Amino acid sequence: MSPVPSPVPNAALADSLVGPGFYKLGYVTTDLDRAIEVFTGQLGFGAFARFSPTLPVRTADGRTGPAALTCAFSTGRELVVELLQPVDGLVDIFREPLLDSTGFGIAFHHTGVLVDNLEATVARLPVAPAWQALIPGRMGVSYTRLPGLGHYVEHVEYLGDGGDFLASVRRPAT
């Protein structure tokens, strides 16, 4: 019996999951207010900073259009927890893990990795992004489902002062 060959390591996949820019765990929810209550009341997190982006999106199947979310970042920690509630538009990838929820639900969705060059990072991956958005002069973001893991990795490149909000929530509370 011959040994089973080991898969060829793919550093791009490993780096995309926990590369040097790893900074975030992302969860999706059916109710942002209740999810914040769970993370603060039950899990001991401090305050969350809210934001509600509407992004111009391109999906892997070629659709383009807006995606509206309501979100919150945990504050005062180097590693951030992000809570996202899909609102409208091209938000299917954020609704997927919640399809079995009958009422309130929270589900793990993605890890987040900051990158210096989003286009080059995505080009190195053997898997195409499921969802991408670019806000010129502010940020680029992509979500790629890594093979066999069942969740996404989010790659973010901040442009200009786009990273100021993240820097502000990562500061320790005084």
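The values are calculated or read from the model by the stated rules, or taken from the named source; none is laboratory data. What you are looking at is a predicted structure, and each value in this text was computed from that prediction instead of being measured. Cβ sites come from the backbone with ideal geometry, for glycine too, and all protein chains shown count toward neighbours. For the accessible areas, the whole protein counts, side chains as well, though only heavy atoms, and no ligand, DNA or RNA atoms are used. Shrake-Rupley method; radii C 1.70, N 1.55, O 1.52, S 1.80 Å.
Given that just one value was derived from the coordinates, which of (i) 1.40; (ii) 0.99; (iii) 0.97 is Rg/Rh (Cα atoms, Kirkwood Rh)?
Given (i) 1.40; (ii) 0.99; (iii) 0.97, the calculated one carries the label (ii).
Quote the charge dipole size of the chain about the Cα centre in Debye, to the nearest 20; the model charges only the Cβ of Lys and Arg (+1) and of Asp and Glu (-1).
Dipole of the chain, to the nearest 20 debye: 120 debye.
Need the full-extension length gain, ALA128 to SER168, defined as separation in residues times 0.36 nm minus the C-alpha distance. One decimal, nm.
Result for the pair: 11.3 nm of gain on full extension.
Using the Cβ atoms and a cut-off under 14 Å, what net charge is assigned to the surroundings of ALA35, where Lys and Arg are +1 and Asp and Glu are -1?
-2
Please compute the length gained on full extension between ALA60 and ALA47, using 0.36 nm multiplied by the number of residues separating them and subtracting their Cα-Cα distance.
Here the answer is 1.2 nm.
Carbon-plus-sulfur fraction of the accessible area of the chain, 1.4 Å probe, in percent?
56 percent
Could you sort ASP161, ASP88, ASP116 by accessible area so the largest value comes first, with the probe set to 1.4 Å?
ASP116, ASP88, ASP161
Enter the accessible area of TYR27 (Å², nearest 10), with the probe set to 1.4 Å and all protein chains included.
50 Å²
Report, in deg cm²/dmol and to the nearest 500, the calculated mean residue ellipticity at 222 nm for the chain, where each DSSP H run with n ≥ 4 adds -39500 (n - 2.57) and the sum is divided by the residue count.
-4500 deg cm²/dmol
Give me the distance between the Cα centres of segment 48-67 and segment 109-137, rounded to whole Å.
Taking the Cα centre of segment 109-137 as reference, the centre of segment 48-67 is 13 Å away.
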